[in-house]
Amino acid sequence: MVYNNLCGDCKKMAPVWLKLAKQNEDNSEVVIAKIDGEKNHVEDLHVGHFPTFLYIPNGPKASTEQILYDGKAYEATLDDLKIWIEKCVRGECKNEE
């Protein structure tokens with residue numbers, strides 16, 4: 001999750017993201033992380049708005065492949081995000097063209 005501390009939608013989604021992180025604590029395939037997009041500039045991180053949910057696969061493609069959450073981030077439920085991450089881990093997520 002890329003967020004901004006002044007963003008109301010980010011504040012709304014923070015507890016959902018935290019629950020998702022807690023549910024994945026023991027999952028070695030998934031790391032749930034967040035970064036303040038205003039304070040930290042990460043080259044090649046594709047962020048158009050806050051909050052932004054990105055799936056970045058582990059391994060050599062990590063720096064080039066980022067999959068943007070395909071729903072409205074500010075309306076996402078815990079279940080929506082869980083399903084999206086599970087699909088991405090299975091390789092079933094793609095960015096809309």
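Values for this structure:
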item: Residues satisfying the stated conditions in segment 1-38, i.e. assigned to a loop (DSSP other than H, G, I, E, B), of a type outside the set (S, T, N, Q) and under 21 Å from residue 66 (Cβ atoms); result: 1, 7, 29, 30, 31, 32, 33, 34, 37, 38
item: Qualifying residue in segment 19-31 (condition: on the phi < 0 side of the Ramachandran plot, in contact with a helix residue (DSSP H, G or I) (Cβ under 9 Å, 6 or more places away or on another chain), exposed (fewer than 11 other Cβ atoms within 10 Å of the Cβ) and in contact (Cβ under 8 Å) with a residue 60 or more places away in the chain); result: yes
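This table checks each residue for (1) at pLDDT below 90; (2) closer than 27 Å to residue 6 by Cα; (3) of a type in the set (Lys, Arg); (4) touching a strand residue (DSSP E or B) at 6+ places or on another chain (Cβ under 7 Å).
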position	(1), (2), (3), (4)
28	yes, no, no, no
53	no, yes, no, no
56	yes, yes, no, no
66	yes, yes, no, yes
70	yes, yes, no, no
75	no, yes, no, no
78	no, yes, no, no
84	no, yes, no, no
91	yes, no, no, no
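The values are calculated or read from the model by the stated rules, or taken from the named source; none is laboratory data. Computed from a predicted structure; not experimentally measured. With ideal geometry, Cβ positions are generated from the backbone for all residues, glycine too; neighbour counts draw on all protein chains shown.
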